[in-house]
Structures are given as structure tokens and as C-alpha cells.
Amino acid sequence: MARITLFIFLLLPFLLKAQKEQLSGKIINKSGGPIEGASIVSDQGYSAFSESDGSFSIDFRVADSVILRFSHVGFKKVDKLVYKVDFSSAITMIMEEQQRVLDEVEIEDELSKEREQVSVTEIDAYSAQNYTSAFGEFNSILGSLPGVFINNELSSQYSVRGGNFDENLVYVNGIPVYRPFLIRAGQQEGLSFINPDLVEKVEFSAGGWQPKYGDKLSSVLSVEYKKPKEFRGSGTIGLLGGSAHLEGTANDRLSYIIGFRRKSARYLLNTLETDGEYLPTFTDLQSSINYRLSNRTELGALFNFSRNSYLVTPESRVTDFGTLQQSLRLFVSFVGQEILEYDTFQGGTRLTHQFSDKLKTNFIISALTTREREFQDTEGAYRLCDVNVVPGTPSFDQCIVDRGVGSFFDSGRNILEAQAYSISSNSSLLIDDSNEIQFGATYSYEDIEDQLNEFSFLDSAGFVLLNPDENIESDLSLSSSRVEGFVQHTFRPSSSFTATYGVRFNWWNVNNELLVSPRLQLFYSPVGNDRIAFKGAVGLYQQPPFYRELRDRQGVINWDVEAQKSVHAIAGLDYYFQAWGRDFKLTTEAYYKYLWDVNAYDIDDVRIRYFANNLATAFARGIDIRLNGQFIPGTESWFSLGILDTQEDIAEDSRGNVRRPSDQTINLGINFEDHFANDPSFRVNLALLFGSGLPFSPPRNDELRNSFNGETYRRVDLAFSKIWSLTKRSKIFNTVSARLEILNLLGASNTISYLWIQDVSSNFFAVPNSLSARFLNLKLRIDF
């Protein structure tokens, strides 16, 4: 039977080939010149590329008709329906150059503008939707970019060039986005704000961004949602949750897109070391609506409601750690439970008006309200022992010596209610073909009520008390206002040189600190050689404190905390080239960031505890390299490498420079897509992340802070998918796809934090808290 199955499998490609037909043609521009390297994809999943003379040929299965999509960088995408009667004739396709036209005024090609920006990576919406990760999170794809590390597949948080999670700006349709504030561990998180099904365009800046973006220290993620032109939708269901979305138009003026997601992490959380009953439910509902009031005016609205509910009743845990020569085992038995609830509503409206052919203005109003509750009472009894590592002995792999026994207790009653409102306006004035001025201002108001009450102790049962009892109580009530604004000038005397410079200001009424941040970007491409682009940026980036930066590790509020300040200096080179007849791009950037008035912090899982002072200086330096392109025809893949060194010097500790909590020396990310040569509807997606170890230290021990190096982070996620076209069988459904994902293919036991245990001899042991194990996930998706 096995031989017959193998024979059929080997014969199948030949059977499929016998049922194929071939269509040929030529692709030209408006002037009649050939277009080389254009992508041709059929609705059956087959693909091809045009040759140097513009000619192409593409296979497809026997059908009454076929839809071909023609695309090329710098040209508008074109769909063409070809009927069976025309299959034997060569077709000619004319493609138009990509341009944006507003009220008969031609605005410079967006592609060239994006090319001029420093440290900006464009992420294809298709790649973001199909990136292989545990929960299909949009933010997961950021970890494959240079300078960005994500060492927790259960979390959507990311660190950029030595910064922390709070130093990243996120905008959707120009509206600022917040994340839940009280989250302490990745498994407690819901879904990141951005819904991949709704995304149209993504830009990510790892530093040196223009004045028009806000006041943070590390990065900017700017996302634009779709403005649909026809009715479409999709539905996805899998072992780890599901999603659905609808998009369409009600008339010539109104367009809408709605997305629903549900994350079910229960099965994946059962692979963690701590056994127990996990009952997490995370839901998210979003909508983006656009209404064209006139040819010059458009009104858009964005709404999001998310509910995260996390209940866990831990029961037991067994952890093996140590070395081959000294193997240790920790047993823990639990009682109690954790109940966590996070309800968040975010929304905003954007009114866009074209006052004239040269002046365009956006008016934006946004609001956030969040209600978060954390209630925890867990008690555990532990036993630490040596394990026999000598094979063949009667007690092999069993405990032979007890090193310590004891108990611990954790209790928490944390309540947060917060509201944030903002109103802003930004404008773009095109003076002439060489000069553009952008300017804007924002007023925001925040009202935060935060009660923190945590108590914990660890007792070695009569031997040695590891730490004194810890009791943190804090009651923060904060109402504050912020005023910020910017002005910038883009000078473009020719297509080979661009300079963007400007200044940003920010004022917060709590500390009455006025911040002024000048910034400069330069772009140069040698005349006659547009394959090479030199880029540079220098600027001042300052981050006013939010409420969490005001509270120190003991819960004491310091109202005098000032903004953290930094200077970014970046030099980069973009090189565009062709290989195998396809386009590729190599990006290399070197950067240096000097920081002062730094508010030092510690990280435990995804929870940040600030020192609540400005007593440190720091630096971050490194090199980021990225190669992307169509390694396989019709796909987009990339390889990224980041090398980082970041250290800080706290004035009071007399230790000099020490590693920052986010000092990940090596970061490697790969996103690779492939398909069967004879049938692109069979696809393979590979996501690989590698990061060197982060520093760590015993809790509340500043003398050894960040003195030890943690384990490397290694993760490979692999997905196999098959797409079936239904356009010939159904008037409603377009495609159905099945996707099998092997998460954590290598079965790596990655560490996110450490539990510190002390034995009877006063020796300390760092017991690793590991992330999820290997897991098989199955997804089914239908598009209509």
C-alpha cells in the first residue's frame, strides 16, 4: 500500500501537467517599452515573471476563463480576465506608472518619498498576514527586522535598538494607540491592537524619524488600514483562535472594514512548565469607516474594543536545570489562583480636507478608556534537589540530595482606570516641486487612577530566609495635560538629493518641562545611479514620563521625574540590484544613541519597574543589515542581522557602565516563503529568530544588577499551506486554504525570566521560567 501511495504521489505532478494550458503575451509601459521583472499571478495560484523584452508565459489548469494579476514596483497593479477563446492568442498588457492624484494635482510618487526616509522599513500587508507565529500577531513580524528583538512568543511587545517596550510609538490611521498598562507576563496578554486582515500599508522606523512623529526614544510604527473598493471578506478558525472580517462600500462615498478576532491560548499555555487550569479568553472588535463628504473632504473613523480575561489555577511545576555535571530539579506544588481582566476601548475620527491644490489638513480626535483588574493569591511549597546524572545506576535521573525546601506566597490587588483624550491637527503645504512644509499641534488630557497593592515572601522553611517580606503599596491619582507640536521642511532640489529638517516641542503640566527637539534627515543618490542611496540622520529625541515612570520599585511616587533625552546619529546605505531577473534590496545602517537623564529600569517577563529618577546616562550603538527580495518568484522574503551594544551608568552605584536590560548583542531574523515549482498553491513559510542572551541578576541586588548573561533565544516556526480556488465553482467564495503550523519546531526551551532559590548552604540558584514548547496548530481560512 505504501508503495502504491508513493507511486501515485510521484505520478501526480505529471498528471497535473497533462491538464495544463499555457498563455503567453507581452507587458509594456505607456510608451511601448518592455517591462522586465513584472509579476503575473493567476487566480489558480500559478505565477510567472516577464523577461527583458517584456514577454511572458504562464501555465494554468484547464478552465473556461482565468484572472491574471500583473504587478511591478513603480507601476499600478492590473487585473485582466481572459476567456478560453483567447487562450491561443498572445495578449499585450499596458501598465501605468504608480502615481497619486488629488484633485488634478499630481503628487510625487510615494515610493520615492519612502525611499528617502532614514531607518524606515516597509512591510508588505500580505507578508504581515502570512507570517508564522503562535497567534498570528501582527507585531510578531517586527521581530524579524534588524534592531528589533522579541524574545517572548506569548507577548506582542518588542524592543528596538536597546530600548524598552514603553519607548515605541504606534499609530493607526494617524491615531495614537496604547496597550494595557498592568500586564506582567506574556501569557496574560491579549491581542495587539493591529489586525492583519485590515492592514493596507505599514511603515516602521527604528530611529532618526522626522519631527512629525511623536516623542519617544526608540521607534515608530505607522499603519494605514484599507479603504475598500468592493465587497470582500474572510474567516479563519484554528486551534489557537479565529478571526473574521468584512469590507466593502455602501455607495460611491462610503467604505468600511470590520474585523473580529478571538485568541484562545489555553492549549498552548498547557505546554508551559506550570501545570494547572488555564482559562484565557481574549476578544477584539475593530472597524474603520471612511466617508467622502466631497471631492476635497473625507471623514474617517476608527473604533476598537478589546476584552482580555485571564484565569489560571496553578497546580504543580517540575523544572530541570543546571549542567551535565550538576543537574538540579525543582518541584513546586501550588494552591490559589490568578484572575486578571483588561477592558479597553480606543477610537478616533480623522477629517481630511484639501483646502487647495497645495494645502491639505488632517483634524484628528481620539479617545482611550481602560479598566484593568489584577487579583492574585497563590501559595507554593517547593523542593530543590540534586539529580543523579550517572547512566546505568539504580537512581539515575532521580533526586539523591535535597538542597532546600520552603514555601512562597504572592498576593496582589491592582486596579487601574484610565482615560486619555487628544485633539490634533497636521497640515502639508506644497510650495513648489522642490519645497514642502508640514506642521501640526496636539493637545492631550490624561486621567489615571492606579492602586497597587502587592505582597510576597519566600521562606526556606527554617534554613535561610531568601528575601525579607516585600510589600508594595501605591495609590496614584493623576490628571494632566500635554501640548505638543512640530514644523518641518522638505527640500528636494533634484531627484538625487533631499533634506528634511525641523523641530518638535512638548510640554507637560506636571513637571512644567518644555522640550525642544530639532531633527535632520539627508538623502543622496548619485546622478545616473539610482541603485545606490546614501542616508543620514541626526536629532534630539525626548520622552516625557507617563504615569508608570513616576513610581519606583517600592511604589513611591516621585513627581519630579523629568523626560529622558537622547541624540540619534545614523548613517546608512541602500543598494538596489537584480539577481535571477528579480529585484533585491540590501540595507545597511550604523547608529549611535547617547542618552542622559535616563530613568533606569528592570524587566521581569514583560513588566517594567522603573527607578523613578533621572540619575543615569546610557548609550546604544550597533549595525543593522537587511536583505530582502523575491528569492522565490512571486514571494517576498528577507534576512536581517542586528549587532547591538547598550550600557548605562547610574550615578549612585559607583559601578560605571553596566549592560542595560535590553542588551541583546546578536539578533538574527529570517522570514522565508517558498512554493512548489509546478503549483504555487502549495506554500511553505519559515520564520526564524535567534537572539543572544539578555543580562539578568538576583532581585533587589543592585551590586550584581545585570551581571549575568542569560540563555540564547532560538525559535523556528514552520507552516505548510494549500490554497484552493473556488471562483469557477462558486459565485460567493474565492479561495479556501488549509494551513498546518509547527510552532517552535526545534522544541527549544527558551527562558523568559528566573525564579531565585537559596539552599541550606546559602547558595543562590536561578531557576529558569521557560516559554511554550513545540505545538501543532491547524488553521482553515475562507475568502469571499
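The values are calculated or read from the model by the stated rules, or taken from the named source; none is laboratory data. Being a predicted model, the structure only gives us computed values, none of them experimental. So basically every Cβ, Gly included, is an ideal-geometry build from the backbone, and we count neighbours across all protein chains shown. Each accessible area value is taken on the protein alone, full model and side chains, heavy atoms only, with ligands, DNA and RNA left out. Shrake-Rupley method; radii C 1.70, N 1.55, O 1.52, S 1.80 Å.
Across the range 98-151, the number of residues qualifying as of a type in the set (A, V, I, L, M) and at pLDDT 85 or above comes to 8.
For the range 31-45, the tally of residues that are modelled with pLDDT of 80 or more, part of a loop (DSSP other than H, G, I, E, B) and open to solvent by 50 Å² or more (accessible area, probe 1.4 Å) stands at 0. Scanning the range 718-764 for residues being among the aliphatic types (A, V, I, L, M) and more than 24 Å from residue 685 (Cβ to Cβ) gives a total of 5. Residue pairs whose Cβ atoms lie under 7 Å apart, sitting 6 or more positions apart in sequence or on different chains, and linking a residue in the range 602-628 that is open to solvent by less than 20 Å² (accessible area, probe 1.4 Å) to a partner that is in a strand (DSSP E or B) and among the small types (Gly, Ala, Ser), are 622/642; 624/642.
The single condition among (1) under 23 Å from residue 566 (Cβ atoms); (2) in contact with an Asp or Glu (Cβ under 9 Å, 6 or more places away or on another chain); (3) aliphatic (A, V, I, L, M) that residue 487 does not satisfy is (2). Cβ separations smaller than 9 Å between residues 6+ apart or across chains give the following pairs from the range 471-488 residues that are farther than 12 Å from residue 517 by Cβ to residues that are β-branched (Val, Ile, Thr) and open to solvent by less than 30 Å² (accessible area, probe 1.4 Å): 476/448; 477/448; 478/448; 479/448; 480/448.
Looking only at strands (runs of 3 or more DSSP E) that lie completely in the range 576-692, which have at least 2 residues being touching a His at 6+ places or on another chain (Cβ under 8 Å) and modelled with pLDDT under 95?
Because the criterion is at least 2 residues that are touching a His at 6+ places or on another chain (Cβ under 8 Å) and modelled with pLDDT under 95, the strands (runs of 3 or more DSSP E) in the range 576-692 that meet it are 679-691.
Among the residues of this structure, residue 178 counts as one that is farther than 24 Å from residue 773 by Cβ and aromatic (Phe, Trp, Tyr).
Filtering the range 319-369 to residues that are of a type in the set (S, T, N, Q), touching a residue at least 24 places away in the same chain (Cβ under 8 Å) and within 30 Å of residue 396 (Cβ to Cβ) leaves 319, 325, 326, 327, 333.
Check whether at least one residue in the range 524-540 is touching an Asp or Glu at 6+ places or on another chain (Cβ under 7 Å), closer than 19 Å to residue 206 by Cα and aromatic (Phe, Trp, Tyr), and report yes or no. No, the range 524-540 contains no residue that is touching an Asp or Glu at 6+ places or on another chain (Cβ under 7 Å), closer than 19 Å to residue 206 by Cα and aromatic (Phe, Trp, Tyr). Could you tell me which residue of the range 245-277 is most open to solvent (accessible area, probe 1.4 Å), considering only residues that are within 14 Å of residue 191 (Cβ to Cβ) and at pLDDT 90 or above? Ranking the qualifying residues of the range 245-277, first place goes to 262. Taking (1) out of contact with any Lys or Arg (no Cβ under 9 Å at 6 or more places or on another chain); (2) closer than 17 Å to residue 214 by Cβ in turn, residue 537 satisfies each apart from (1). Taken over the range 118-138, the residue count meeting the criterion of being open to solvent by 20 Å² or more (accessible area, probe 1.4 Å) and over 15 Å from residue 236 (Cα atoms) is 6. When 222, 205 are checked against the criterion of being open to solvent by 20 Å² or more (accessible area, probe 1.4 Å), of a type in the set (Ser, Thr, Tyr) and more than 22 Å from residue 371 (Cα to Cα), a single residue qualifies: 222. Every listed requirement among (1) of a type in the set (Phe, Trp, Tyr); (2) open to solvent by less than 40 Å² (accessible area, probe 1.4 Å); (3) in a loop (DSSP other than H, G, I, E, B) is met by residue 310 save one, (3). Among the conditions (1) within 21 Å of residue 607 (Cβ to Cβ); (2) open to solvent by 50 Å² or more (accessible area, probe 1.4 Å); (3) of a type in the set (Val, Ile, Thr), residue 369 misses just one, which is (1).
Taking residues in the range 516-529 that are basic (Lys, Arg), and partners anywhere that are open to solvent by less than 60 Å² (accessible area, probe 1.4 Å) and in a loop (DSSP other than H, G, I, E, B), the pairs with Cβ atoms closer than 7 Å and at least 6 places apart or on different chains are 519/210; 519/211.
For first residues located in the range 385-407 and aromatic (Phe, Trp, Tyr), partners that are surrounded by 13 or more Cβ atoms within 10 Å (Cβ to Cβ) and lie 6+ apart or on another chain with Cβ distances below 7 Å form the pairs 396/388. Residues in the range 173-219 that are in contact (Cβ under 8 Å) with a residue 60 or more places away in the chain and charged (D, E, K, R): 184, 189, 197, 200, 201, 203, 212, 215, 216. Apart from one condition, residue 54 fits all of (1) modelled with pLDDT of 65 or more; (2) open to solvent by 50 Å² or more (accessible area, probe 1.4 Å); the exception is (2). For residue 357, the conditions (1) open to solvent by 50 Å² or more (accessible area, probe 1.4 Å); (2) at pLDDT 95 or above all hold with the exception of (2).
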